[in-house]
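Here's the structure, in structure tokens; my notes come after.
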Amino acid sequence: MEVTLREVRESDLPFFHELAQDPHARWMAAFTAAGPVDRARSDAHWARLLASDAVVRTVLADGRVAGHTAVYGPPHQREVTYTIGRAHWGRGVATAALRALLDAVPARPLHARAAADNTGSLRVLEKCGFVVTGHDRGFAHARGEETDEVLLLLGG
């Protein structure tokens, strides 16, 4: 499977909104926006993100939209994020997408975090060179409860 990144297009936003509605994916991500996210709120979020200095890309798997990935935040606190549709989980799409993003954004350090029980995401981050630097616990809106998380760092 060929995984590539490209600039986000307005036509990607409905797919991104649907990704954010998947209850299993939200549970795995854990630290999501509070409450249900309707289309207007989703579009407003993407408008803010795309107007910021974040590096945001659409993930394509064999030419079809599969998710999104980004680097955001102030220098020395920049963080990576990615969301991949469940149809592509376990197929190397997240790892390939994150590697491509890391090639496109050479500045380091980069931070990452994942729910401690999200072994798939932790594996992706470690394959891409992130190392565990600590643990935290915070309120996970998608789960409605305090959840353990793992903090990771690349470079720095």
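The values are calculated or read from the model by the stated rules, or taken from the named source; none is laboratory data. Keep in mind the model is a prediction, meaning the values are calculated, not measured. A quick note on method: Cβ atoms are made from the backbone with ideal geometry, for glycine too, and the neighbour counts reach across all protein chains shown. We work out accessible area using only protein heavy atoms, side chains counted, and drop any ligands, DNA or RNA first. Shrake-Rupley method; radii C 1.70, N 1.55, O 1.52, S 1.80 Å.
Summary table
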{"quantity": "Max mean-square fluctuation residue, GNM over the chain, Cα-Cα springs under 10 Å, options His68, His111, His141", "calculated": "His141"}
{"quantity": "Of (1) 38, 38, 26; (2) 38, 35, 31; (3) 56, 33, 30, the label for Cα extents along the principal axes in Å derived from the coordinates", "calculated": "(2)"}
{"quantity": "Shape call, the stretch 77-122: gyration tensor on alpha carbons, a/c limit 1.5", "calculated": "oblate"}
{"quantity": "Within the accessible area of the chain (1.4 Å probe), percent carbon and sulfur", "calculated": "53"}
{"quantity": "The stretch 87-156 versus the stretch 1-63: alpha-carbon centroid distance in Å", "calculated": "16"}
{"quantity": "Per residue value of the accessible surface for the chain (all protein chains in place, 1.4 Å probe), Å²", "calculated": "53"}
{"quantity": "The stretch 40-134 - charge dipole about Cα centre, Lys and Arg +1 at Cβ, Asp and Glu -1, debye rounded to 20", "calculated": "100"}
{"quantity": "DSSP H segments from the chain that extend 15 Å or more along their own axis, Cα-based, with Kyte-Doolittle mean of 1.0 or above", "calculated": "93-104"}
